[in-house]
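Input: a single structure, listed below in structure tokens.
The values are calculated or read from the model by the stated rules, or taken from the named source; none is laboratory data. What you are looking at is a predicted structure, and each value in this text was computed from that prediction instead of being measured. Here the Cβ positions follow ideal geometry from the backbone for every residue, glycine too, while neighbour counts run over all protein chains shown. Side chains are part of the model used for accessible areas, which takes the heavy atoms of the whole protein and leaves out ligands, DNA and RNA. Shrake-Rupley method; radii C 1.70, N 1.55, O 1.52, S 1.80 Å.
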Amino acid sequence: MVSFELCYLAISEKKWCTKSTSKESVLTLDDYYRIQEVSFLKMLDQPESAVGENVMLAVCVDDPGGPEKLYVGRVPRPQLKAGEILIKVHTTALNRADLLQRRGLYPAPPGESEILGLEAAGTVAALGSGVGGQWVPGQRVMALLSGGGYAEFVSVPEELVMPVPAHLTITQAAALPEAWLTAFQLLHLIAKVQPGETVLVHAGASGVGTAAIQLLRLTRAIPVVTAGTAEKLKMTKNLGAAAAFNYKDEDFSERVMEFTKGRGADVILDCVGGSCWNKNVQCLAMDGRWVLYGAMGGKHVEGDLLGKLLSKRGHLLCSLLRSRSLQYKAELVKAFSESALPHFETLNSSVALRPVIDRVFSIQDIAAAHQHMEANKNTGKIVIRVTESMSEEL
């Protein structure tokens, strides 16, 4: 059996190679996946003492590239610092930022873990000095991260940790932190959405999109969305979207103007960027707020963007969450925990909130999970199960 840790990707006519000090052998793709799965499961079966108290399993990427660059290996366990909580990760979730980081286009902020993963859910493993008394070992928690979620353990500042609502499973909890805090931040801290305003949400079936629709309903604002398939449009309407437009088949700017009777959208949440800037400005209301938080459609624009935006007296607001200060994130988590998190506890209510999960992948299938997101197949969040033996009753 070839050691999993010695496997590396060397694509040559769809063959896989393994490094050895004495020779190099060629494997088929099926052989590679068989070795990966067997070796990974064997490592999971080992007692902690065999792996080492200071070592953990994590998804690694040595060289920037495609999903095939990802593999599960052993890395040092994070050192618990004062004011931090060590979380044993049971589940994490994918974000577009993970795909960019894997390709070398979105590095971790200085001083943060270079392991992928911006959110995690699990149980408290240990408490650093100075941590508040509301946290206890074994408690179910979820956390916003700057990195490190694709691993067995992650150490997080206490301020960025939240208790898992009682009615949610640990799998559902993994779908909350990054997407819901991003949506909450964009709507309330950046755009300052008011009741009755119309908000256009691009990528309405994404993790942030599905969160934004529900938060807008909670705020008594009016969500209208874009998506690329009939199935995604139907799902967004079921979540509460007042209107949903297929950006592939119709001019969403015209449909927004029709829906608003010529007024336009008061706020636009835009993760697309360059490819739809003109239509965004066309359907932006006078004095409207265009919130840009991604550039999936490109970073370059051609044309009279500034002139058209000026004619609308429009506000172009740009925001990222990962690079924000700890104080900013802590205040965001506090505001979200006070105003939104309690609504995840409510089952039978018109304002009940729920995470939308597309699929759950095992951590050894992390490459397939990335491929699934890159193909835009997901409706809602893609969750990664890190701890295979974890019971959903936890």
Counting just the residues of the stretch 364-388 that are open to solvent by 50 Å² or more (accessible area, probe 1.4 Å) and part of a loop (DSSP other than H, G, I, E, B), which one comes out farthest from T171 (Cα to Cα)?
A375
Candidates G307, G303, filtered to the one that is touching a residue at least 12 places away in the same chain (Cβ under 8 Å) and out of contact with any His (no Cβ under 6 Å at 6 or more places or on another chain):
G303
Name the residue, out of S319, S325, S337, that is closer than 19 Å to L118 by Cβ and open to solvent by 60 Å² or more (accessible area, probe 1.4 Å).
S325
Which of the residues belonging to the stretch 63-84 are of a type in the set (A, V, I, L, M), in contact with a Ser or Thr (Cβ under 7 Å, 6 or more places away or on another chain) and touching a residue at least 60 places away in the same chain (Cβ under 8 Å)?
L80
Residues of the stretch 151-199 satisfying the condition of being of a type in the set (D, E, K, R) and either modelled with pLDDT under 95 or in a helix (DSSP H, G or I) (or both):
E158, E159, E178
Go through the residues of the stretch 347-356 one by one and say whether even a single one is under 26 Å from A295 (Cβ atoms) and not hydroxyl-bearing (S, T, Y).
yes
Would you mind stating whether L181 is under 30 Å from A285 (Cα atoms) and either under 19 Å from the mean Cα position of the chain (by Cα) or open to solvent by 10 Å² or more (accessible area, probe 1.4 Å) (or both)?
yes
Could you go through the stretch 342-363 and let me know if any residue there is part of a loop (DSSP other than H, G, I, E, B), without any contact (Cβ under 8 Å) to a residue 12 or more places away in the chain, within 29 Å of N280 (Cα to Cα) and not hydroxyl-bearing (S, T, Y).
no
What do you reckon, is T169 open to solvent by 30 Å² or more (accessible area, probe 1.4 Å), β-branched (V, I, T) and in contact (Cβ under 8 Å) with a residue 60 or more places away in the chain?
yes
Taking the stretch 106-139 as the search range and keeping residues that are touching a Lys or Arg at 6+ places or on another chain (Cβ under 6 Å) and within 21 Å of L181 (Cα to Cα), which one is least open to solvent (accessible area, probe 1.4 Å)?
G122
